[in-house]
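Here's the structure we're looking at; comments come further down.
The values are calculated or read from the model by the stated rules, or taken from the named source; none is laboratory data. All values derive from a computational prediction rather than experimental measurement. Quick reminder, even Gly has a Cβ in these numbers, built from the backbone with ideal geometry, and neighbours come from all protein chains shown.
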Amino acid sequence: MGLSLSTAWNAFRYNDGEGIVQEIRGLGFEEIELSFNLTKKIVADIARLVKKKQIRVHSLHNFCPIPDGIERREALPDCYSLSSSDEEIRALAVKYTKVSIDTARRLNAQAVVLHCGRVEIIDHTRELISLYTQGGFSVPDFQSLKIRMRKERIEKAEAHFSNALSSLEQLADYAKGRDIALGIENRFYFREIPSFRETGRILEHFRGAPIFYWHDTGHAQLWENLAFIKHKDYLDKYAPYLIGVHLHDIKGTQDHLAPLKGDFDFNALKPYLRNETIKTLEAHYPATAEEITCAKDYLEKLYGPN
């Protein structure tokens, strides 16, 4: 399977799918992942290009297209949370995830990447990153904040995790009926679901259902850099469930860089990837076209073009 590029890289430069796709094709990509900031019109444009065989879509990132009533600049993968304690919000999250699944089916994609919501507490990830940036682990408040974050999350996590499972129960059956896989992505913010252990609980609970693990390199490396868990632990434990990867680099705590612009060793992934693993380059602005092209050449040589 060829390397995809996420439209997260260039989506905001265009209001039409034609422009997005043609710029990506100009860099040599034949496959894309549709990001969560695309309007219905843009998705319809891309659907026409798929039908003309001008591009292939391997995966979509929920929510795609943007849910009704959400401004494009405000669209996020969990603008409606699958773990919400508000049943109306959770119902909307399920509703629009089903729309993403239907869209994936229409575009002949294989998978939809999911964020599974969050524990509804104040998130201190950026605060912890700020302390780390100031002086690493030696900053006096760093360790105490880590302890506090863990404690606060544990106290409230189970109810929200249960809500996420309930949402996924509905979505697993829906996806199965449409032959679409759901990829559960490891997360950036500490309060988000799933944590490392929650990932395993989800995958075990849905064994045999079309629910798999989606590995994000920058997110996993962030938590190693902050001394929470080793990046390799994710891969060792969840490789049997792995359906796709988001490939982007990280320097300290700044992620979504183009590969080769940070410190992550992409060789470390090689033993875990199969030909059929969906491989998506997920660099964000301000990565340049030249950086994307260099990353493409590097990753294809490293993992093989197919």
Which condition breaks for Phe36 when tested against (1) in contact with a strand residue (DSSP E or B) (Cβ under 7 Å, 6 or more places away or on another chain); (2) aromatic (Phe, Trp, Tyr); (3) surrounded by fewer than 22 Cβ atoms within 10 Å (Cβ to Cβ)? (3)
Quick one: would you say Gln221 is more than 17 Å from His115 (Cα to Cα) and buried (at least 17 other Cβ atoms within 10 Å of the Cβ)? yes
Does Ser35 qualify as being polar (S, T, N, Q) and in contact with a Leu (Cβ under 8 Å, 6 or more places away or on another chain)? no
In segment 272-290, how many are assigned to a helix (DSSP H, G or I) and within 21 Å of the chain's Cα centre (by Cα)? 1
Can you give me the number of residues within segment 144-154 that are more than 20 Å from Gln221 (Cβ to Cβ) and either touching an Asp or Glu at 6+ places or on another chain (Cβ under 6 Å) or without any contact (Cβ under 8 Å) to a residue 12 or more places away in the chain (or both)? 4
Evaluate segment 222-242: report whether one residue or more is in contact (Cβ under 8 Å) with a residue 24 or more places away in the chain, within 22 Å of Glu30 (Cα to Cα) and under 18 Å from the mean Cα position of the chain (by Cα). no
Quick one: count up the residues across segment 81-94 that are over 14 Å from Ile193 (Cβ atoms) and under 19 Å from the mean Cα position of the chain (by Cα). 1
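Here is a yes/no grid of residues against (1) touching a Leu at 6+ places or on another chain (Cβ under 8 Å); (2) at pLDDT 95 or above; (3) in a helix (DSSP H, G or I); (4) over 29 Å from Ser35 (Cβ atoms):
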| position | (1), (2), (3), (4) |
| --- | --- |
| Arg126 | no, yes, yes, no |
| Arg148 | no, yes, yes, yes |
| Lys156 | no, yes, yes, yes |
| Asn163 | yes, yes, yes, no |
| Gly200 | no, yes, yes, no |
| Gly208 | no, yes, no, yes |
For the structure I just gave you, tell me whether Ile101 is within 29 Å of Glu291 (Cβ to Cβ) and either over 19 Å from the mean Cα position of the chain (by Cα) or assigned to a helix (DSSP H, G or I) (or both). no
Is it the case that some residue within segment 80-99 is surrounded by fewer than 16 Cβ atoms within 10 Å (Cβ to Cβ) and either touching a Lys or Arg at 6+ places or on another chain (Cβ under 7 Å) or modelled with pLDDT under 95 (or both)? no
Residues within segment 256-292 that are closer than 25 Å to Leu182 by Cβ, crowded, with 18+ Cβ neighbours inside 10 Å and either free of Cβ contacts under 8 Å to residues at least 12 places away in the same chain or of a type in the set (Lys, Arg) (or both), tallied: 1
